[in-house]
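Student: Can you read through this structure? Questions will come right after.
The values are calculated or read from the model by the stated rules, or taken from the named source; none is laboratory data. Note that this is a predicted model, so its numbers are computed, not measured. Here the Cβ is made from the backbone with ideal geometry for all residues, glycine too, and neighbour counts use every protein chain on show. Surface accessibility is based on the protein's heavy atoms, side chains included, excluding ligands, DNA and RNA. Shrake-Rupley method; radii C 1.70, N 1.55, O 1.52, S 1.80 Å.
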Amino acid sequence: MVQLAIVNVLKNSENPESATELVLNELNKSQQKDLIVPVLPYVGSKKALDVLIAMFNQNTGVQKETAFTALTGWTNTFAAPFLLGISQSGAAEYQNKAFKAYVDLIGHSVLPDDQKLLQLQMVMPTAKNAYQRKLMLGALADVKTFLSLVYLGSFMDDIELQQIAVKSAIE
């Protein structure tokens, strides 16, 4: 409940930099970092992202998992390259979740549809399994461009991906 109140204050803050500093100072002082970390994606600053990335890279167990969960909930595209990196070469238990978070982040971003298409096409060759390929093709349902339709058409002969490609093209 307190976290939700903090998120609302952050969203309405007139000075995002001071809000970032305030949250990061509290994080540094706190003995219960796991209660503050979920707020960091709503801060949305590069500095907050760097703190989360450091927490993910330098910790293990619950702290690492808490940092990863916060990274997958990031609200702007700043976290996209890091999530993509985890999905390609991170620990196996994080790869699918990171790939899904990347696809969701790009799909729900404020990027123009042409940019979304390019970002999603870029990751298709790096998709490690059918789950990841289907996620990427499913996200293209919300990319309303002629080129996305053409791209989806290129998967119509792939038995494994044909159904999701058709569904995304229709939507």
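Student: Which residue is least open to solvent (accessible area, probe 1.4 Å), if the candidates are limited to the range 129-145 and must be more than 17 Å from L84 (Cβ to Cβ) and small (G, A, S)?
Tutor: A141
Student: A follow-up question, please. For F56, are the conditions met, namely being open to solvent by 30 Å² or more (accessible area, probe 1.4 Å), of a type in the set (F, W, Y) and closer than 19 Å to Y42 by Cα? Explain how you work it out, then say what you get.
Tutor: Numbers: open to solvent by 30 Å² or more (accessible area, probe 1.4 Å): no; of a type in the set (F, W, Y): yes; closer than 19 Å to Y42 by Cα: yes.
Here the answer is no, as F56 does not meet what is asked.
Student: Would you mention how many residues in the range 78-120 are open to solvent by less than 20 Å² (accessible area, probe 1.4 Å), under 20 Å from A48 (Cα atoms) and free of Cβ contacts under 8 Å to residues at least 24 places away in the same chain?
Tutor: Qualifying residue count, the range 78-120: 3.
Student: Quick one: in the range 38-53, which of the residues that are β-branched (V, I, T) and at pLDDT below 85 is most open to solvent (accessible area, probe 1.4 Å)?
Tutor: Per the criteria, the residue is V43.
Student: Sticking with this structure for a sec: Please find, among T75, T126, the residue that is among the polar types (S, T, N, Q), modelled with pLDDT under 95, touching a Gly at 6+ places or on another chain (Cβ under 7 Å) and open to solvent by 30 Å² or more (accessible area, probe 1.4 Å).
Tutor: Only one candidate passes the filter, namely T75.
Per-residue answers, yes or no, for (1) assigned to a helix (DSSP H, G or I); (2) among the hydrophobic types (A, V, I, L, M, F, W, C); (3) more than 15 Å from the chain's Cα centre (by Cα):
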{"position": "M55", "(1), (2), (3)": "yes, yes, yes"}
{"position": "T69", "(1), (2), (3)": "yes, no, no"}
{"position": "T75", "(1), (2), (3)": "no, no, no"}
{"position": "E93", "(1), (2), (3)": "yes, no, yes"}
{"position": "K100", "(1), (2), (3)": "yes, no, no"}
{"position": "R133", "(1), (2), (3)": "yes, no, yes"}
{"position": "M136", "(1), (2), (3)": "yes, yes, no"}
{"position": "A139", "(1), (2), (3)": "yes, yes, no"}
{"position": "A169", "(1), (2), (3)": "yes, yes, yes"}
